[in-house]
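These notes concern the structure reproduced below.
The values are calculated or read from the model by the stated rules, or taken from the named source; none is laboratory data. Just so it is clear, the structure is predicted and the values come from calculations on it, not from any experiment. Here the Cβ positions follow ideal geometry from the backbone for every residue, glycine too, while neighbour counts run over all protein chains shown. For the accessible areas, the whole protein counts, side chains as well, though only heavy atoms, and no ligand, DNA or RNA atoms are used. Shrake-Rupley method; radii C 1.70, N 1.55, O 1.52, S 1.80 Å.
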Amino acid sequence: MDGISDESRTEAKKTKSKTPRKPKEALLKQKSPAEFFAENKNIAGFDNPGKSLYTTVRELVENSLDSAESISELPVVEITIEEIGKSKFNSMIGLVDRERVDAALYDDYETEKAREKRLAKEARAQEMQAKNVALGKKVKETHATKVAKGRGEASFYRVTCKDNGKGMPHDDIPNMFGRVLSGTKYGLRQTRGKFGLGAKMALIWSKMSTGLPIEISSSMRNQNYISFCRLDIDIHRNIPHVHLHEKRENKEHWRGAEIQVVIEGNWTTYRSKILHYMRQMAVITPYAQFLFKFVSDAPDKNVSIRFARRTDVMPPIPMETKHHPSSVDLLLIKRLIAETSKQNLLQFLQHEFVNINKSYAERLIGEMGPDFSAKTAVKSLTSQQLVRIHQLLRQAKFDDPSGHCLSPAGEYNLRLGIIKELHPDMVATYSGSAQVFEGHPFIVEAGVSVGGKNVKQGLNIFRFANRIPLLFEQGADVVTRTAHKRINWSSYKINQIQDKIGVFVSIVSTKIPFKGTGKEYIGDDITEIASAVKYAIQQCCVQLKSKIVKKMQAREQQERKRNLSKYIPDASGAVYNVLKEMARLHAAKKIRYGDNDVELLRKVSENLITKETLTEKLAKHVEQVDYEMALEYATQSGVSEEPRETIYIQPLDAENKMIDLQAPFFVFRVFQ
């Protein structure tokens with residue numbers, strides 16, 4: 001040992017210190033649901049500030065509709081978007097405005113050279129415009145070149161939604177808004193929502209973009225106070241952070257909910273989408289009244305639109321239903337077993353699924369094998385036995401589920417909504433019966449309109465899923481592809497290029513087969529849905545074809561009548577001149593005529609028959625021939641057409657008040 005030099009020991013220590021250390025074991029981390037959606041906000045429709053503003057409006061409006069419909073109350077929804085300037089926003093959060101010290105530090109900084117170039121360009125444009133005006137040429141209005149807006153120059157908006165729904169229990173409000181994936185709408189039923197997030201995602205976006213809390217006011221029926229809650233969400237723990245939660249006096253006996261949230265957004269780029277959404281929502285829910293307002297410091301940007309209620313007829317409330325045996329998977333079977341109150345396998349099959357009665361459940365159990373019996377405890381089933389049950393449920397034959405749990409808008413409401421918002425020249429609607437895909441019932445309703453206000457030429461597609469508009473990714477949707485590629489419009493006397501065609505298709509189901517992460521369109525790879533959509537549109541087109549043909553016939557009839565009537569004066573004059581000449585020759589005894597002709601000539605000579613008489617007779621003949629041709633067409637086309645006459649209903653009492661309902665073919669008088 002003593003023979004080892006100090007240098008050798010030092011070298012040995014250096015070599016030892018370079019030995020690689022063992023890496024620390026990776027720690028398992030868990031994300032809360034709120035944290036997941038905050039990091040993947042594009043999944044819920046919060047891709048950018050503009051889309052986030054649109055999605056916030058949509059979520060709040062749909063929550064309000066659900067709330068009012070749940071108590072069979074005709075919805076009244078008021079939505080207001082208030083633009084908040086930078087100074088006002090800073091004062092809201094207690095931040096003092098600060099002037100820029102180093103202007104070149106900012107990304108919207110304009111160098112002196114760039115500014116001179118921009119001003120020179122504007123001067124040349126103004127000079128050119130002045131020359132064109134002097135020459136009398138038509139010039140376009142020029143706008144000043146906009147200076148680039150910096151990335152940090154965000155726009156903020158206060159979104160407020162007020163409704164007349166059922167309100168929320170005082171103690172439940174914090175969890176209803178401050179805890180993601182908790183709510184009252186989970187279960188197998190037709191729902192408007194896509195993810196079950198509702199206003200929670202708007203709160204998460206508010207937390208990320210402004211840091212401001214959400215404010216909720218709510219009051220329920222027979223409640224003498226208003227619940228007020230100001231809260232935000234602890235994203236990492238997925239729990240509400242309550243700032244203020246109190247009861248306030250309800251002097252006006254108001255019932256409903258009012259939600260107010262401040263978020264970053266972009267009204268300029270998504271203005272048309274938001275207004276288009278409100279218009280389509282008014283189409284599919286004509287029994288609701290919407291008041292939309294956009295408020296800005298610049299009065300010319302303000303918007304106020306009222307979508308009036310057109311009908312009092314509301315669709316039924318969607319019912320929760322049980323799962324169809326062919327639609328379940330292994331995980332769902334395990335969950336149903338964990339949640340069921342039934343003890344044995346027979347009761348479980350009979351009560352947890354639709355379309356399985358006692359006798360059929362016994363047949364299924366017999367087919368499962370000797371390890372199963374009617375009295376087998378469901379809680380003690382092994383994994384192998386669960387797989388056997390799952391395999392049999394997928395292979396066995398079951399009756400299709402009924403559509404009684406679904407709540408379509410209804411053909412009546414769809415027609416009213418189209419007429420109210422588009423004012424078309426003609427419209428046809430169709431509501432199909434319930435059909436099934438992968439064990440889930442669905443109903444397709446369709447409407448096709450021709451003409452209208454603010455409708456572009458060609459096909460205008462309006463898509464709805466569970467009575468909410470779908471505005472994005474239209475090209476890949478089953479409705480768009482069917483309308484463009486699978487309908488021969490010309491065979492229905494409709495010009496696909498020149499006519500203003502509105503195609504409305506609404507699909508309702510307990511499971512909408514959305515495609516893509518944003519759930520914005522329905523793919524056309526499901527044969528049952530694609531066929532149902534095509535058939536529904538075709539049925540509307542058949543109705544329109546008969547109307548168009550009748551309209552064409554009426555136009556041709558009017559044209560024919562107009563042409564015949566145009567020649568009546570000339571024809572009657574010519575005939576009268578011939579008769580006068582015949583009468584003169586007969587009086588001079590140059591030509592002799594029969595007794596019938598002599599009587600006619602006598603009346604002509606005595607001016608009992610004049611040119612005006614012949615004109616009147618010919619006009620009546622044209623009317624008669626025109627009517628007979630119309631009857632012949634109606635008989636050939638299978639329409640029973642009888643002469644109509646005005647019928648007047650005499651009042652029972654002169655003092656009675658009455659309302660007349662006018663229609664093209666009758667007046668329906670209602671006595672009060």
* Just give me the residues in segment 324-335 being open to solvent by 20 Å² or more (accessible area, probe 1.4 Å) and closer than 21 Å to Ser359 by Cβ, in sequence order. => Ser326
* Kindly provide the set of residues from segment 414-430 that are open to solvent by 20 Å² or more (accessible area, probe 1.4 Å), in a helix (DSSP H, G or I) and over 13 Å from Gln543 (Cβ atoms), ordered by number. => Leu416, Ile419, Lys420, Glu421
* Report yes if some residue within segment 351-373 is open to solvent by less than 40 Å² (accessible area, probe 1.4 Å), under 21 Å from Gly439 (Cα atoms) and free of Cβ contacts under 8 Å to residues at least 12 places away in the same chain; otherwise report no. => no
* Structure fact -> In the set Ile526, Ile548, Ile522, the lone residue that is within 22 Å of the chain's Cα centre (by Cα), surrounded by 14 or more Cβ atoms within 10 Å (Cβ to Cβ) and modelled with pLDDT under 90 is Ile526
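Keeping to segment 95-140, report how many residues are in contact (Cβ under 8 Å) with a residue 40 or more places away in the chain and exposed (fewer than 11 other Cβ atoms within 10 Å of the Cβ).
Residues in segment 95-140 being in contact (Cβ under 8 Å) with a residue 40 or more places away in the chain and exposed (fewer than 11 other Cβ atoms within 10 Å of the Cβ): 1 in total.
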* Can you pull out the residues in segment 521-541 that are within 19 Å of Leu459 (Cβ to Cβ) and in a loop (DSSP other than H, G, I, E, B)? -> Asp524
* Any chance segment 290-300 includes a residue that's at positive phi and touching a Lys or Arg at 6+ places or on another chain (Cβ under 9 Å)? -> no
* When you go through (1) surrounded by 17 or more Cβ atoms within 10 Å (Cβ to Cβ); (2) assigned to a helix (DSSP H, G or I); (3) in the same structural domain as Glu59 (by the TED database); (4) not polar (S, T, N, Q) one by one for Pro286, which number turns out not to apply? -> (2)
* Which residues, counting only those in segment 294-335, are under 27 Å from the mean Cα position of the chain (by Cα) and in a helix (DSSP H, G or I)? -> Lys301
* Asked: So, of the residues in segment 431-467 that are modelled with pLDDT under 90 and among the aliphatic types (A, V, I, L, M), which turns out to be least open to solvent (accessible area, probe 1.4 Å)?
  -> Val455
* Structure fact -> Note on segment 56-78: residues in contact with a Lys or Arg (Cβ under 9 Å, 6 or more places away or on another chain) and either without any contact (Cβ under 8 Å) to a residue 12 or more places away in the chain or open to solvent by less than 10 Å² (accessible area, probe 1.4 Å) (or both) are Glu62, Ser64, Leu65, Ala68, Pro75, Val77
* In segment 552-578, how many residues are free of Cβ contacts under 8 Å to residues at least 12 places away in the same chain and either of a type in the set (Asp, Glu) or open to solvent by 70 Å² or more (accessible area, probe 1.4 Å) (or both)? -> 10
* To do: Working only within segment 374-400, note down all residues that are open to solvent by 30 Å² or more (accessible area, probe 1.4 Å), among the hydrophobic types (A, V, I, L, M, F, W, C) and assigned to a helix (DSSP H, G or I).
  => Val387
* Scan of segment 480-503 for residues that are of a type in the set (Val, Ile, Thr) and part of a helix (DSSP H, G or I), ordered by number -> Thr480, Thr482
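One line per residue, one yes/no per condition, for (1) over 18 Å from the mean Cα position of the chain (by Cα); (2) assigned by the TED database to the domain that holds Glu62; (3) not in a loop (DSSP other than H, G, I, E, B); (4) not small (Gly, Ala, Ser):
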residue: Ser433; (1), (2), (3), (4): yes, no, no, no
residue: Val436; (1), (2), (3), (4): yes, no, yes, yes
residue: Pro441; (1), (2), (3), (4): yes, no, yes, yes
residue: Val444; (1), (2), (3), (4): no, no, yes, yes
residue: Val448; (1), (2), (3), (4): no, no, yes, yes
residue: Asn454; (1), (2), (3), (4): no, no, no, yes
residue: Asn460; (1), (2), (3), (4): no, no, yes, yes
residue: Phe464; (1), (2), (3), (4): no, no, yes, yes
residue: Pro469; (1), (2), (3), (4): no, no, yes, yes
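For Phe89, state whether it is in a helix (DSSP H, G or I), without any contact (Cβ under 8 Å) to a residue 40 or more places away in the chain and closer than 30 Å to Met176 by Cα. Lay out the reasoning, then the answer.
Values: in a helix (DSSP H, G or I): yes; without any contact (Cβ under 8 Å) to a residue 40 or more places away in the chain: no; closer than 30 Å to Met176 by Cα: yes.
Here the answer is no, as Phe89 does not meet what is asked.
Criterion first (open to solvent by 30 Å² or more (accessible area, probe 1.4 Å), modelled with pLDDT of 85 or more and in a loop (DSSP other than H, G, I, E, B)) does Lys166 satisfy it?
Numbers: open to solvent by 30 Å² or more (accessible area, probe 1.4 Å): yes; modelled with pLDDT of 85 or more: yes; in a loop (DSSP other than H, G, I, E, B): yes.
Spelling it out, Lys166 is indeed open to solvent by 30 Å² or more (accessible area, probe 1.4 Å), modelled with pLDDT of 85 or more and in a loop (DSSP other than H, G, I, E, B).
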* What is the one condition in (1) modelled with pLDDT of 75 or more; (2) outside any helix (DSSP H, G or I) that Gly638 does not satisfy? -> (1)
* To do: Evaluate the following for Ala338: is it open to solvent by 60 Å² or more (accessible area, probe 1.4 Å), over 33 Å from the mean Cα position of the chain (by Cα), aliphatic (A, V, I, L, M) and not assigned by the TED database to the domain that holds Pro441?
  => yes
* Scan segment 203-243 residue by residue and report those that are within 25 Å of Glu73 (Cβ to Cβ), open to solvent by 40 Å² or more (accessible area, probe 1.4 Å) and among the aliphatic types (A, V, I, L, M). => Met220
